[in-house]
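Report on the structure given below.
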Amino acid sequence: MVSDGAGWCGQIAPDWVAPTAWQLDHFHGKQKITEAARDPERAARWWSWVAENNLDALGTSLRHCLTNGLIDPEAGRNLMGYFHRGAAALQTYLRLREAGHSPRWPPVDRG
């Protein structure tokens with residue numbers, strides 16, 4: 001199941017189809033990064049770290065930006081929470097492919 005990361009989304013799939021693999025929707029992840037970053041270059045750097053599964057670098061940069069007033073505190077905390085909750089689901093399609101599965105809808109880069 002591809003999800004935008006809303007908290008309730010992870011609960012709906014097991015009610016409908018089992019077993020289910022949950023993939024965090026990259027489009028909405030990029031959208032959240034762009035909104036929080038306030039700077040296109042920063043947003044691109046942050047997304048490259050997410051795509052590389054380097055969430056430590058993202059967290060370090062977010063903390064730096066929050067400490068120095070470069071981003072809105074609420075937006076920064078929301079972004080950290082979004083990726084903290086969805087970290088395991090960022091690369092689900094890769095794990096499925098490596099395990100020999102053929103996901104029908106791999107993430108599409110729309111932005």
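The values are calculated or read from the model by the stated rules, or taken from the named source; none is laboratory data. Every value quoted in this text rests on a predicted model; they were computed, and no experiment measured them. Backbone-built Cβ (ideal geometry, glycine too); neighbour counts: all protein chains shown.
For the reader, a short list of remarks on this structure follows.
- Residue match in segment 91-103 (condition: in contact with a Pro (Cβ under 7 Å, 6 or more places away or on another chain), assigned to a helix (DSSP H, G or I) and either in contact (Cβ under 8 Å) with a residue 24 or more places away in the chain or surrounded by 14 or more Cβ atoms within 10 Å (Cβ to Cβ) (or both)): yes
- Only listed residue being surrounded by 17 or more Cβ atoms within 10 Å (Cβ to Cβ) and modelled with pLDDT of 90 or more, chosen from L58, L24: L58
- Filter result (in a helix (DSSP H, G or I) and more than 20 Å from D25 (Cα to Cα)) within segment 57-84: A57, T60, S61, L62, R63, H64, C65, L66, T67, P73, E74
- If the condition is being surrounded by 14 or more Cβ atoms within 10 Å (Cβ to Cβ) and not polar (S, T, N, Q), then segment 61-76 contributes L62, C65, L66, L70, I71, D72, A75, G76.
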